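Q: Sharing a structure here in structure tokens format.
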Amino acid sequence: MIAIFEKLKGLSIRLEEGLMALMLSIMILLATGQILLRNVFDTGLFWADPTLRLMVLWLALLGAMAATHDDRHIRIDLFSRFLNARGKHIVQSINDLFSATVCAVISWHAGRLVHLEWQDGTQLFGSLPAWLGEIIIPIGFGIMALRFLFSVPVRLIKGSKP
């Protein structure tokens, strides 16, 4: 059973990293093309700027998801350096529970927003539905909430070993 979870985790990590690399490459090409079109030909792609802004949102959330799966996210922790290994694991577990709760609340409300945008038929630019651009918010924060939540028992097991 654990092997299945490890394979799924590895697959999700490769998928996230591949999406980030692809998105960053497209962003660089699109931004460079837009700069060249504006400076050389006095024209540009009307959809490039809003697309780049949307891609920044996606890339930021994919990066945040990648940081949580490697446990490299930003932590504000004042007490860990004064605690022994067991105490550190307990404090990190409490922090992870809090982070999971915050991410779950954000995911829930972002999901409600996406649903409302879908119902209203709001458009971002051109004929792109707004919900399609915003769907990364509930998905990203939902995945981060699950990762924080799943890390709690792992930390507690590590902390209970001598």
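The values are calculated or read from the model by the stated rules, or taken from the named source; none is laboratory data. These numbers were taken from a predicted model, which means no experiment stands behind them. Note that we place each Cβ from the backbone using ideal geometry, even for glycine, and neighbour counts take in every protein chain shown.
Q: I'd like the full set of residues that are assigned to a helix (DSSP H, G or I), loosely packed, with under 15 Cβ neighbours inside 10 Å and not β-branched (Val, Ile, Thr), limited to the range 32-51. Walk me through it before giving the result.
A: Just the residues of the range 32-51 that are assigned to a helix (DSSP H, G or I), to begin with: 32-41, 48-51.
Adding the requirement that they be loosely packed, with under 15 Cβ neighbours inside 10 Å leaves 32-33, 35-41, 49-50.
Answer for the range 32-51, where residues must be assigned to a helix (DSSP H, G or I), loosely packed, with under 15 Cβ neighbours inside 10 Å and not β-branched (Val, Ile, Thr): GLY33, LEU36, LEU37, ARG38, ASN39, PHE41, ASP49, PRO50.
Q: Looking only at the range 71-99, how many residues end up being charged (D, E, K, R), touching a residue at least 24 places away in the same chain (Cβ under 8 Å) and more than 14 Å from PHE150 (Cβ to Cβ)? If you could, list the steps in order and put the result at the bottom.
A: Our first condition is that a residue be charged (D, E, K, R); within the range 71-99, this holds for 71-72, 75, 77, 81, 86, 88, 96.
From the residues that got through so far, the ones that are touching a residue at least 24 places away in the same chain (Cβ under 8 Å) too are 71, 86, 88, 96.
Checking the rest, the ones that are also more than 14 Å from PHE150 (Cβ to Cβ) come to 86, 88.
Number of matching residues: 2.
Q: Identify, from the list ALA100, ALA110, ALA130, the residue that is among the aliphatic types (A, V, I, L, M), in contact with a strand residue (DSSP E or B) (Cβ under 7 Å, 6 or more places away or on another chain) and either outside the structural domain of ILE28 (by TED's automatic domain parsing) or at positive phi (or both). Show your work before the answer.
A: Details: ALA100 fails: in contact with a strand residue (DSSP E or B) (Cβ under 7 Å, 6 or more places away or on another chain); ALA110 fails: in contact with a strand residue (DSSP E or B) (Cβ under 7 Å, 6 or more places away or on another chain).
Result: ALA130 is the single residue among ALA100, ALA110, ALA130 that is among the aliphatic types (A, V, I, L, M), in contact with a strand residue (DSSP E or B) (Cβ under 7 Å, 6 or more places away or on another chain) and either outside the structural domain of ILE28 (by TED's automatic domain parsing) or at positive phi (or both).
Q: Which of the numbered conditions does HIS89 fail, given that it passes all the others? Conditions: (1) under 12 Å from the mean Cα position of the chain (by Cα); (2) at pLDDT below 90.
A: So HIS89 meets the others, but not (1).
Q: Got a sec? Which of ALA110, ALA130 is surrounded by 17 or more Cβ atoms within 10 Å (Cβ to Cβ), closer than 22 Å to LEU59 by Cβ and in contact (Cβ under 8 Å) with a residue 24 or more places away in the chain?
A: Only one candidate qualifies: ALA110.
Q: When you look at LEU61, is it within 22 Å of LEU124 (Cα to Cα), modelled with pLDDT of 90 or more and part of a helix (DSSP H, G or I), yes or no? Before the answer, list the steps.
A: Working: within 22 Å of LEU124 (Cα to Cα): yes; modelled with pLDDT of 90 or more: yes; part of a helix (DSSP H, G or I): yes.
Yes.
Q: Against the condition more than 24 Å from GLU16 (Cα to Cα) and modelled with pLDDT of 85 or more, how does ASP120 come out, does it pass?
A: It is true that ASP120 is more than 24 Å from GLU16 (Cα to Cα) and modelled with pLDDT of 85 or more.
Q: Here's another thing I want to ask about it. If you check every pair at least six apart or on different chains, which have Cβ atoms under 7 Å apart with a residue in the range 25-38 that is among the charged types (D, E, K, R) first and a residue that is outside any helix (DSSP H, G or I) second?
A: Cβ pairs passing all conditions: ARG38/GLY44.
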